[in-house]
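Inspection log for the structure reproduced underneath, given as structure tokens.
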């Protein structure tokens with residue numbers, strides 16, 4: 001596009017709509033002229049032809065359709081691009097707009113990013129068309145025009161791809177199944193999914209210790225690494241929350257396992273990031289906490305007619321966030337809910353059954369179709385056969401919940417251990433847990449002390465040592481101490 005600032009004529013009989021559109025366009029570098037009715041719009045356009053017109057339809061005296069017809073009948077104005085921007089969303093009105101040679105038709109409430117993308121694209125295409133018309137008698141210029149038209153198509157594709165950076169494809173497939181124009185406020189679909197919350201520890205202190213540019217630099221590098229881990233396990237990022245990430249996993253039946261593997265990969269990637277933490281002017285390595293929960297949520301559009309966003313709403317989101325907060329309390333890196341563990345165990349059991357069926361069919365050689373079907377399923381879905389290491393850590397009441405729930409610490413997978421010392425002491429720890437649950441506190445204390453001796457930084461083993469000693473009356477709680485037995489988070 002030329003260096004000249006494009007001028008857009010905005011026509012609407014609602015003053016608030018004019019103000020909103022002027023502000024949106026001004027932020028993108030466009031000059032604007034406003035008209036309160038159709039008659040005024042025709043006068044302004046005749047005096048100073050704009051580069052594009054955003055035209056409302058329902059206006060007194062002369063409506064948008066009549067304005068469009070008058071412009072197309074005017075030799076000096078017939079090529080000015082027109083985008084109808086109206087609350088009329090019926091097919092008859094849209095068809096009439098196209099018949100009158102409107103360039104596009106957008107219904108209110110509109111998506112701001114979509115509107116700006118269409119404006120930029122139409123302005124670009126119109127400029128290319130103008131250049132092509134001026135040089136149509138020259139073969140060389142004709143060839144150049146073809147190249148420019150091809151470039152315009154590429155620009156349109158780039159704009160679409162850029163839009164998908166703000167709204168993941170997994171959202172668009174639900175909220176815009178018939179294309180971007182079909183996005184409507186309040187569209188949503190409820191389904192079971194897994195939500196992962198990741199939060200950076202001590203971010204406020206880190207931000208206070210360095211300038212904003214340094215913080216921005218290392219945050220983007222950190223988010224890039226975490227994003228790779230999430231997408232590699234069939235997940236997508238719902239949003240970045242300053243120093244936190246909310247990710248969603250919805251692929252296949254065992255999406256909880258995808259979330260779990262992503263969390264393990266994120267912790268490993270963080271270790272690589274921290275090798276060079278000093279180059280980002282960080283005083284110490286970055287630490288994160290992760291919470292994962294599986295449940296039902298609604299994926300859809302939320303907000304208002306003037307500003308909407310795509311997101312996930314439901315208890316599954318709140319619970320995942322609460323679990324992430326508990327990693328601070330228990331001094332561990334990843335906490336998952338009982339629902340996640342139950343789904344993983346179910347998927348692994350089903351995987352083992354499928355393998356036994358496949359082995360039997362292969363040996364009998366008489367059910368090839370069924371065997372091939374199993375093979376195809378395995379090719380299209382992730383493997384659930386990897387051994388997962390986790391341990392029960394407590395039964396708590398999460399804030400806002402009536403019933404206590406079991407929570408677990410994730411230690412890693414068979415291929416990727418993030419807590420090798422805790423895995424090495426897992427059998428002893430589980431014996432301590434069994435004693436604790438049965439009320440055999442003396443035996444439980446002995447097991448937890450063994451764990452602590454082998455792994456001095458096991459905070460959860462240390463927590464249960466104190467709990468057992470309290471139960472046995474070996475330690476008197478001070479006035480300012482908090483009883484951690486089944487806390488209410």
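Nothing in this text is a laboratory measurement; each read-out follows from the coordinates by a stated rule. None of these values were measured; they are calculated from a predicted model. Cβ placement follows ideal geometry from the backbone for every residue including glycine, while neighbour counts extend to all protein chains displayed.
So if each residue of separation counts as 0.36 nm, and I subtract the Cα-Cα distance between residue 78 and residue 131, what length gain in nm does that give?
Values: separation 53, 0.36 × 53 = 19.08 nm, distance 1.62 nm.
Contour length minus Cα-Cα distance gives 17.5 nm.
Can you tell me the order of 88-100, 38-50 when each peptide is scored by its average per-residue count of other Cβ atoms within 10 angstrom, highest first?
Values: 88-100: 14.2, 38-50: 16.7.
Highest to lowest by the protection proxy: 38-50, 88-100.
Compute the FRET efficiency between residue 207 and residue 228 as 1/(1 + (r/R0)^6), taking r as their Cβ-Cβ distance and R0 = 25 Å, and round to the nearest 0.05.
On the way: r = 24 Å, r/R0 = 0.96.
Step by step, r from the Cβ atoms, then E = 0.55.
May I ask you to derive the relative contact order of the stretch 209-251, considering only C-alpha pairs under 8 Å and at least 6 residues apart, and to give it as an integer percent? List each step's numbers first, then the result.
On the way: 29 pairs, mean separation 11.2, N = 43.
Dividing the mean separation by the residue count of the stretch 209-251 yields 26 percent.
Note down, for the stretch 1-140, the three equivalent ellipsoid semi-axes (square root of 5 times each alpha carbon gyration tensor eigenvalue), biggest first, whole angstrom. Let's see the in-between values first.
Values: eigenvalues 109, 62, 46 Å².
The equivalent ellipsoid of the stretch 1-140 has semi-axes of 23, 18, 15 Å.
Remind me, relative contact order of the stretch 181-341 in percent, using alpha carbon pairs under 8 angstrom and six or more residues apart?
On the way: 286 pairs, mean separation 51.1, N = 161.
Value for the stretch 181-341: 32 percent.
Between residue 239 and residue 274, what FRET efficiency comes out of the Förster formula 1/(1 + (r/R0)^6) with R0 = 25 Å and r the beta carbon distance, rounded to 0.05? Provide the component values of the computation, followed by the final result.
Values: r = 24 Å, r/R0 = 0.98.
It comes to 0.55.
Hey, fewest Cβ within 10 Å first, where do 223, 448, 110 land in order?
223, 110, 448
What does the highest-first list of 210-222, 265-277 look like by mean Cβ count within 10 Å?
On the way: 210-222: 14.1, 265-277: 16.0.
Peptide ranking by packing, descending: 265-277, 210-222.
Sort 407-420, 429-442 by packing, meaning the average of other beta carbons within 10 Å per residue, with the highest value first. Intermediate values should be presented prior to the final figure.
On the way: 407-420: 18.5, 429-442: 16.7.
Ranked by mean Cβ neighbours within 10 Å, highest first: 407-420, 429-442.
Suppose R0 equals 60 Å; then what is the FRET efficiency for residue 416 and residue 27 from their Cβ-Cβ distance, rounded to the nearest 0.05?
Details: r = 45 Å, r/R0 = 0.75.
My answer for the efficiency is 0.85.
Taking 0.36 nm per residue of sequence separation and subtracting the Cα-Cα distance, how much length would be gained by fully extending the chain between residue 386 and residue 313, in nm to one decimal?
Values: separation 73, 0.36 × 73 = 26.28 nm, distance 3.11 nm.
In short, 23.2 nm is gained.
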